[in-house]
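Visitor: My questions will all concern the structure given below.
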Amino acid sequence: MRKIAITTVAIAGVALMALSGCSSRGTDASSSGSAAGFKAGSVIGVALPDKTSENWVLAGKLFTDDLTKAGFKADVQYAPSANTASEQAAQISTMNTKGAKVIIIGAFDGKQLGSQVKAAHDNGAVVIAYDRLIQDTKDVDYYIAYDNEKVGELQGQALLDGMKARFPDATNYNIELFSGASTDPNAAVFFNGAMKILQPKIDDGTLKVVSGQTAIAQTQTTGWLAANAQTRMDTLLAGNYSGTVLNGVLSPNDTLARAIITSIHAAGKDTPVQPVVTGQDSEAASIPLIMSGVQYSTINKDTTKLVAQAVEMVKQLASGKKATTNADATDNGSVKVPTYYLPPELVTKDNAAQSYASNPTLLALVNK
Ligand code: BGC
């Protein structure tokens, strides 16, 4: 329903703009424009963050393959060191120097790329924010991602549904909350999406965050690193759960879910009933855990489809067109960025086979 409504609005909007002679980018995001298009063989820069989950590893390979197949020169870089933000900024500057026509950015730190994307615009390049929004700058032309707020909502609902199923006699539940890296704008979007579902249940007493740590700043996981989530979970369990049952944990992704599960197991809190732990990304290492009930859920955000759509945008821009968008523009704190959203899907062991039907690798893990 939601998708249909958005599409209708988008079509109506385009028709209106055509009548009034406006560009569909209008006054939204500032751009050097791509009306002229660009040639086969042009450099397309892809700046990805550090490899904090499988989806980022896969994205680099897919961008290289798909852009090359489409006839472009792909310049795909990761920002892998401790100085990730400044490394990524330097990589984008080099892409500018090479004359990249489009720069696709999965930001390490969504707030620290203002001068690099401005330079890209000054050079006539189009800037696409990939998966993570680039914030507080007008120099971003498009945003393409899975609907991240929806991801959070699905996680919050999965936590509730999973606890109801696993603890049928309970009327209230003890939980803990985790979020991702504060540098990643998605972390807050996931968390706030989940809290839309969970907060009313905390307020009415159905849920109790036993540690009392409900503010996002208290729940963050620096660098999205598993070790940091595991240490925090160890501390939470040691300090709050002696003689107390843990029913569930909101985990923003699979990497952190597995770390949290390790901590729960070490503390012996997985018996008699395994607490519900959510996740995201459909990582290969989490699929067997989902099938055996050790991890309750994940989210299917097929990277192949996201990269394919981003490359489709590049092709449209190359031919002098605007890139297709299908959702409401996303406010990045400075402008509304034209947005393309793909729909995320919740996966539990009940629908895993169906959700991964077109992914032989994951399907094999489901059927193992
Ligand atoms: C992505 C998630 C991923 C996380 C850590 C986020 O920006 O949207 O899919 O789990 O980064 O890599």
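The values are calculated or read from the model by the stated rules, or taken from the named source; none is laboratory data. Worth saying up front: this structure is predicted, and the values here are computed from it rather than measured. Positions of Cβ are generated from backbone atoms using ideal geometry, with glycine treated the same way; all protein chains shown enter the neighbour counts.
Visitor: Residue pairs, Cβ under 7 Å, 6 or more apart or interchain, first in the stretch 231-242 and over 11 Å from A267 (Cα atoms) and assigned by TED's automatic domain parsing to the domain that holds R258, second assigned to a loop (DSSP other than H, G, I, E, B) and among the aliphatic types (A, V, I, L, M). List them.
Guide: Qualifying pairs under 7 Å: N240/V210.
Visitor: Are any residues in the stretch 111-169 under 27 Å from L346 (Cα atoms) and of a type in the set (K, R), and if so, which ones? Please lay out each step first, then the result.
Guide: Step one: of the stretch 111-169, the residues under 27 Å from L346 (Cα atoms) are 128-134, 142-169.
Listed by number, the residues that qualify are R132, K150, K164, R166.
Visitor: Would you check if A74 is modelled with pLDDT of 95 or more and either closer than 21 Å to F108 by Cβ or within 16 Å of the ligand (Cβ to nearest atom) (or both)? Let's see the steps before the verdict.
Guide: Working: modelled with pLDDT of 95 or more: yes; either closer than 21 Å to F108 by Cβ or within 16 Å of the ligand (Cβ to nearest atom) (or both): yes.
It is true that A74 is modelled with pLDDT of 95 or more and either closer than 21 Å to F108 by Cβ or within 16 Å of the ligand (Cβ to nearest atom) (or both).
Visitor: Could you list, in sequence order, all residues of the stretch 252-281 that are within 14 Å of the ligand (Cβ to nearest atom), more than 19 Å from G106 (Cα to Cα) and not in a helix (DSSP H, G or I)?
Guide: Of everything in the stretch 252-281, those that are within 14 Å of the ligand (Cβ to nearest atom), more than 19 Å from G106 (Cα to Cα) and not in a helix (DSSP H, G or I) turn out to be T278, G279.
Visitor: Name every residue in the stretch 189-212 that is surrounded by fewer than 18 Cβ atoms within 10 Å (Cβ to Cβ) and within 16 Å of the ligand (Cβ to nearest atom), in order of residue number.
Guide: N192
Visitor: I want to confirm something. Restricting to the stretch 213-250 and keeping residues that are assigned to a helix (DSSP H, G or I) and of a type in the set (V, I, T), which single residue is surrounded by the most Cβ atoms within 10 Å (Cβ to Cβ)?
Guide: From the stretch 213-250, those assigned to a helix (DSSP H, G or I) are 216-219, 222-224, 226-240; that's our starting set.
Of the ones still in play, those that are also of a type in the set (V, I, T) are 216, 219, 222, 231, 235.
Values: I216: 16, T219: 21, T222: 13, T231: 14, T235: 12.
By that ranking, first place goes to T219.
Visitor: Do the conditions hold for A181, that is, is it closer than 25 Å to E345 by Cα, in the same structural domain as E312 (by TED's automatic domain parsing), touching a Phe, Trp or Tyr at 6+ places or on another chain (Cβ under 6 Å) and not in a helix (DSSP H, G or I)?
Guide: no
Visitor: Next question, about the same structure. Can you tell me which residues in the stretch 32-60 are outside any loop (DSSP other than H, G, I, E, B) and either away from the ligand (no atom under 16 Å from the Cβ) or under 22 Å from H121 (Cα atoms) (or both)? Working first, answer last.
Guide: Keep residues of the stretch 32-60 that are outside any loop (DSSP other than H, G, I, E, B), which gives 43-48, 54-60.
Answer for the stretch 32-60, where residues must be outside any loop (DSSP other than H, G, I, E, B) and either away from the ligand (no atom under 16 Å from the Cβ) or under 22 Å from H121 (Cα atoms) (or both): V43, I44, G45, V46, A47, L48.
Visitor: Here is a further query. Inspect the stretch 126-143 for any residue being small (G, A, S) and part of a loop (DSSP other than H, G, I, E, B) and give the result as yes or no. Don't jump to the end; show me each part of the working.
Guide: Taking the stretch 126-143 as the starting set, the residues that turn out to be small (G, A, S) are 129.
Retained after the next criterion (residues that are part of a loop (DSSP other than H, G, I, E, B)): none.
Looking through the stretch 126-143, none of the residues is small (G, A, S) and part of a loop (DSSP other than H, G, I, E, B).
Visitor: Do any residues in the stretch 132-155 that are outside the structural domain of I103 (by TED's automatic domain parsing) and surrounded by fewer than 24 Cβ atoms within 10 Å (Cβ to Cβ) have Cβ atoms under 6 Å from those of residues that are of a type in the set (S, T, Y) and assigned to a helix (DSSP H, G or I), where the two are at least six apart or on different chains, and which pairs are they?
Guide: Pairs that qualify, where the first residue is outside the structural domain of I103 (by TED's automatic domain parsing) and surrounded by fewer than 24 Cβ atoms within 10 Å (Cβ to Cβ) and the partner is of a type in the set (S, T, Y) and assigned to a helix (DSSP H, G or I): there are none.
Visitor: If we scan the stretch 251-263, do we find a residue that is aliphatic (A, V, I, L, M), surrounded by fewer than 16 Cβ atoms within 10 Å (Cβ to Cβ) and in contact with a helix residue (DSSP H, G or I) (Cβ under 9 Å, 6 or more places away or on another chain)?
Guide: Within the stretch 251-263, the first condition is being aliphatic (A, V, I, L, M), and the residues that meet it are 256-257, 259-261.
Adding the requirement that they be surrounded by fewer than 16 Cβ atoms within 10 Å (Cβ to Cβ) leaves none.
No, the conditions are met nowhere in the stretch 251-263.
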